[in-house]
């Protein structure tokens, strides 16, 4: 990885790696083009949101809600799946439906094309070693690039779409997702239908639901969960990239100083990428250890296994949940459609389709994977820290390492 092209994050690069602002966190994370195209197939605008083009995504999502609802397209699709083709034709408003086709095709094509462009920009930003400012303070918010657990974002989005995005630091995206989730649930009468479903009154639940608006919910729900997961992973990766660059530039600057002194002991410790790395450097300097006696270097970890669930400790960039979430989306929609005529109703069958599709998609992903797969990502050592201090400061230095969550340490024999 190239580095040390820029010495200050005040220098604006030609190709930026990411941006931290009061509006949220975004990055040119390399993504798979066909996955972006798939999400545009599931719901126009989702493919653009997946790759970080949120303004495009917002516009296309609003377009989808307006044109689809005016054309009664969801109702026609549901009736077609149920074999009631004449009713589907009667429901469809052709004046609005004809406006749908061109924009729908554009969403799929443009999300694929934009993903390719984003991937190119990522490569160029790596070549240029573009710097990133890791925090933004304004009158409205304090946004700090920090490590977060991706599964926590998933859980919050399961409870209510939009909360996972807010947890990940994307204020505008989280607000938008939460707002249109509430709006569509209200139009579909989904909350009352869910209450009746869980109370066992399935006939009342199916009767009160608005089919046209309800069929938006499965795709929206699945994408909100998936997007919360991947966006937190991308922010964690952006944090690692920024800290790796900082440590390399710092090490290069310290290499120009004379580090040879007698009567010192060397402590070697390992850390994960986190704010604690920079805190421990500051603590050691306050203790009286000269800056050029504190060397921190990022490690290149070798990973031979693919894992299913990324964590705060490791992100491999090859999420095996892509196929699982695609299956969840498809079967959630089918479950909701056929739930209107089955006993348990659209809410229960939609949720069963979501879980069943997720499991089926995951099984297919595991079957076609050529590498050995583990469920959870393991911890890894990411930063090597070497401190040269006088024997009198040894015990205090070790206490600082423990306080700042070093994953391990040793004292080199003299």
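The values are calculated or read from the model by the stated rules, or taken from the named source; none is laboratory data. Keep in mind it's a predicted model, so treat the numbers as computed, not measured. Methodologically, a virtual Cβ is constructed for each residue, glycine included, from the backbone with ideal geometry; neighbour enumeration extends over all protein chains shown.
Can you find a residue in the range 297-306 that is at pLDDT 80 or above, out of contact with any helix residue (DSSP H, G or I) (no Cβ under 7 Å at 6 or more places or on another chain) and surrounded by 19 or more Cβ atoms within 10 Å (Cβ to Cβ)?
Of the residues in the range 297-306, the ones at pLDDT 80 or above are 297-298.
From what's left, out of contact with any helix residue (DSSP H, G or I) (no Cβ under 7 Å at 6 or more places or on another chain): none.
There is no residue in the range 297-306 that is at pLDDT 80 or above, out of contact with any helix residue (DSSP H, G or I) (no Cβ under 7 Å at 6 or more places or on another chain) and surrounded by 19 or more Cβ atoms within 10 Å (Cβ to Cβ).
When residue 213 is tested against (1) modelled with pLDDT of 90 or more; (2) within 23 Å of the chain's Cα centre (by Cα), just one condition goes unmet, and that condition is (2). Looking at the range 164-173, which of its residues are in contact (Cβ under 8 Å) with a residue 60 or more places away in the chain and crowded, with 19+ Cβ neighbours inside 10 Å? Scanning the range 164-173 gives 164, 165, 167, 168, 169, 170, 173.
Criterion first (over 11 Å from the mean Cα position of the chain (by Cα) and over 24 Å from residue 351 (Cα atoms)) does residue 184 satisfy it? Even if it seems obvious, please write down each step before you answer.
Details: over 11 Å from the mean Cα position of the chain (by Cα): yes; over 24 Å from residue 351 (Cα atoms): no.
Spelling it out, it is not the case that residue 184 is over 11 Å from the mean Cα position of the chain (by Cα) and over 24 Å from residue 351 (Cα atoms).
Just one of the listed residues (83, 45) is in the same structural domain as residue 143 (by TED's automatic domain parsing) and modelled with pLDDT of 85 or more, and it is 45.
Annotation: residue 12 fulfils all but one of (1) free of Cβ contacts under 8 Å to residues at least 24 places away in the same chain; (2) part of a helix (DSSP H, G or I); the unmet one is (2).
Residue 273 satisfies every condition listed in (1) in a helix (DSSP H, G or I); (2) under 24 Å from residue 129 (Cβ atoms) except (1).
Checked against (1) buried (at least 18 other Cβ atoms within 10 Å of the Cβ); (2) over 24 Å from the mean Cα position of the chain (by Cα); (3) without any contact (Cβ under 8 Å) to a residue 40 or more places away in the chain, residue 57 passes all but a single condition, namely (2). Residue 263 meets the conditions (1) out of contact with any strand residue (DSSP E or B) (no Cβ under 9 Å at 6 or more places or on another chain); (2) crowded, with 20+ Cβ neighbours inside 10 Å; (3) assigned to a loop (DSSP other than H, G, I, E, B) in every case but one. The failed one is (2). Can you tell me which residue is farthest from the chain's Cα centre (by Cα) among those in the range 384-398 that are surrounded by 12 or more Cβ atoms within 10 Å (Cβ to Cβ) and farther than 19 Å from residue 246 by Cβ? Among those that are surrounded by 12 or more Cβ atoms within 10 Å (Cβ to Cβ) and farther than 19 Å from residue 246 by Cβ, it is 390. Scan the range 179-200 for residues that are on the phi > 0 side of the Ramachandran plot and surrounded by 13 or more Cβ atoms within 10 Å (Cβ to Cβ) and the total you get is 1.
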